Amino acid sequence: VNDNPSQYRIMLSGTVKSPKISFDPVLLILMPVPLGMKTETTVNLIPQDYLRQSRIQVELPEFDCEDGDRICPFSVQFPNGQDIVVSSDGTNIQLICHIGFSSSRPVSYLENIFFIDEEEN
C-alpha cells in the first residue's frame with residue numbers, strides 16, 4: 001500500500017447463522033370440545049438470528065370431509081402483530097400467537113401448521 005511493493009495477506013473467517021424460529025410449547029395438543037365450540041391456546045414464537053424485520057405468514061391445514069367439503073377448523077391470531085422485530089441490542093422479540101380450533105363436524109387428525117417468514121424459511 002502507498003507504493004510499497006510488499007504483499008499483504010488478510011484472512012477472514014466467519015459463521016453464517018440462518019434465521020430460525022423456536023416454539024414454546026413445541027407440540028400443541030388441543031382439548032376436545034363439543035361441536036361448534038372453540039378451544040384455544042397460546043404459543044410463543046421465539047425468533048433467533050434475524051438481522052432485519054420480517055413478517056410471519058401462516059399456512060393452516062384444511063380437512064377433507066366425507067361429503068367432499070373442505071374445512072379449515074384452525075384459526076391463528078397475533079395479538080401484538082406478526083412482525084419479527086430486531087431490538088436495539090440485536091436480539092429478536094418473541095411473538096405471541098393464539099391458535100384456535102372449532103368445527104361443526106366431528107374431526108380428529110394430526111397436522112402441521114407452517115409459519116413462514118418473508119424469505120420463505
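The values are calculated or read from the model by the stated rules, or taken from the named source; none is laboratory data. This structure is a prediction, so every number in the text was calculated from the model and none was measured. As a convention, Cβ positions derive from the backbone with ideal geometry for all residues, glycine included, and neighbour counts pool all protein chains shown. Heads up: the accessible areas ignore ligands, DNA and RNA and are worked out on the full protein's heavy atoms, side chains in. Shrake-Rupley method; radii C 1.70, N 1.55, O 1.52, S 1.80 Å.
Structure values in brief
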| item | result |
| --- | --- |
| Average accessible surface area per residue within the range 1-101, 1.4 Å rolling probe, Å² | 77 Å² |
| Candidates per chymotrypsin sites (Phe, Trp or Tyr not before Pro) in the range 41-121, loop by DSSP, up to 10 other Cβ within 10 Å | TYR109 |
| Calculated FRET efficiency for the pair GLU59/TYR109, C-beta based, R₀ 25 Å, to 0.05 | 0.95 |
| Neighbour cut-off at most 15 other Cβ (10 Å), DSSP loop, GluC sites (Glu not before Pro), the range 26-99 | GLU62, GLU66 |
| Within the range 1-108, trypsin sites (Lys or Arg not before Pro) in DSSP loop having at most 15 other beta-carbon neighbours inside 10 Å | ARG9, LYS17, LYS38, ARG52 |
| Accessible-area composition of the chain, carbon plus sulfur, in percent [1.4 Å probe] | 50 percent |
| Residues in the range 82-113 that a label on THR39 would reach, taking backbone N under 18 Å of a point 7 Å out along Cα→Cβ | 98-113 |
| Whole-number percent relative contact order across the chain, with pairs defined as alpha carbons under 8 Å at least 6 apart | 30 percent |
